[in-house]
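> Before anything else, here's the structure in question.
The values are calculated or read from the model by the stated rules, or taken from the named source; none is laboratory data. As the structure is a computational prediction, the values presented were derived from the model and not from experiment. Ideal geometry is used to build each Cβ from the backbone, glycine not excepted, and the neighbour counts take in all protein chains shown. Remember, those area values only see protein heavy atoms, side chains included, never the ligands or the DNA or RNA. Shrake-Rupley method; radii C 1.70, N 1.55, O 1.52, S 1.80 Å.
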Amino acid sequence: MAILVQFLLRLSFGLAVGMAITSSRLVSSGYFRNHLYVTLGLATLAALVASQFSMIIAILAGAAAVFSYVAAVCWLYEAKRAGGALLWFVAGCSLAAALAGTLAATTQPNALQPISVVTSGLVLGLTLAAMLLGHWYLNSPGMELAPLRRLLMFVAAAVGAQMLVSAAGLVGELHVGGGTNVGWWMFVLLRWSFGLVGVLALIAMVWQTLRIPNTQSATGILYVAVIGTFVGELMALLLSAESVYPL
């Protein structure tokens, strides 16, 4: 249950950040309003599950859900400034809840753990935000491609940062004696090949596809990238649950 809550909160955090850094001048308000309902659902489910083992996490996740709803109302009435500010409140509450869960679950805290929460959430949420934005171009084909290209650059940076954190965690885990069986290494290989390197390659493909430009094909590739991030980060959470360092 704790892994599910962690995944939901990281995704909510990253998606809120992805929307917050997207230009409301170039992207219609419907994009923000509709996908705030996604963070609303993610945070609500996280709060319900977390209430079984941690009231602090449940309260913070509940606050993220409330802010998501209020922000969606703001975007409905074109209150862009307030809606944009509330996106950061959603991100902040989701991140705080995820950090609280990570720190509560570890007996050997280290500096990489909180950093990995941030990088993992950004990989998950920014990739999903880019895919949803690509899909939004099908509803509003006249929008400029600059916001999507900007999001792709942030996704690539997030994946790069997560690679550094995961590599450092892997080195640390090996140093303390982890990773002694073939099965463990197979999971690590899947996490890296599909969840990190594969996602980075897919983002490069999307970038080239937008040069045609073909937003429909780019969105299709982003669907695969989202699946890659989901598989990779869930695998990392499962591996990290029995490790000293985040993987």
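> Would you work out what percent of the accessible area of the chain, with all protein chains in place, is carbon or sulfur (probe 1.4 Å)?
The computed percentage sits at 71.
> Got a sec? What order do I212, I3 fall in by accessible area at 1.4 Å, biggest, i.e. largest, first?
Ranking I212, I3 by accessible area, largest first, yields I212, I3.
> From the helices alone, meaning DSSP H stretches of at least four residues, give me the mean residue ellipticity at 222 nm for the chain, per-run term -39500 (n - 2.57), in deg cm²/dmol to the nearest 500.
Computed ellipticity for the chain at 222 nm equals -27500 deg cm²/dmol.
> Still on this structure, please answer the following. Cα-based Rg of region 10-71 per 2.2 N^0.38 Å, rounded to two decimals?
1.18
> Could you state the angle between the C-alpha long axis of helix 198-209 and the longest principal axis of the C-alpha atoms of the chain, as a value from 0 to 90 degrees rounded to the nearest 10?
Once rounded, the angle reads 20 degrees.
> For region 51-162, report the translational diffusion coefficient in µm²/s to the nearest whole number, using Stokes-Einstein at 37 °C, 0.692 mPa s, and a Kirkwood Rh over Cα pairs.
After rounding, the answer is 207 µm²/s.
> Kindly state, as a whole number, the per residue volume in cubic angstrom of the convex hull around the alpha carbon atoms of the chain.
Dividing the Cα hull volume of the chain by its residues yields 103 Å³.
> In units of 2.2 N^0.38 Å, what is the alpha-carbon radius of gyration of region 119-184?
In units of the globular-protein estimate, region 119-184 measures up at 1.60.
> Starting with the highest mean, order 154-167, 89-102, 23-36 by the number of other Cβ atoms within 10 Å, averaged over the residues of each peptide.
89-102, 154-167, 23-36
> Quick one: Kirkwood hydrodynamic radius for region 150-230, alpha-carbon pairs, angstrom, one decimal?
One decimal place: 13.9 Å for the Kirkwood radius.
> In a GNM of the chain with a 10 Å cut-off on Cα contacts, which of W184, W192, W75 has the highest mean-square fluctuation?
W184
> Another question, then. What Kirkwood hydrodynamic radius, in Å, does region 190-230 give when the mean of 1/r is taken over all pairs of distinct Cα atoms and then inverted?
After inverting the mean inverse Cα-Cα distance, the result is 10.0 Å.
> So how long is each side of region 169-214 along the principal axes, counting just the alpha-carbon atoms, biggest first, in Å?
Largest to smallest, the principal-axis extents are 49, 19, 7 Å.
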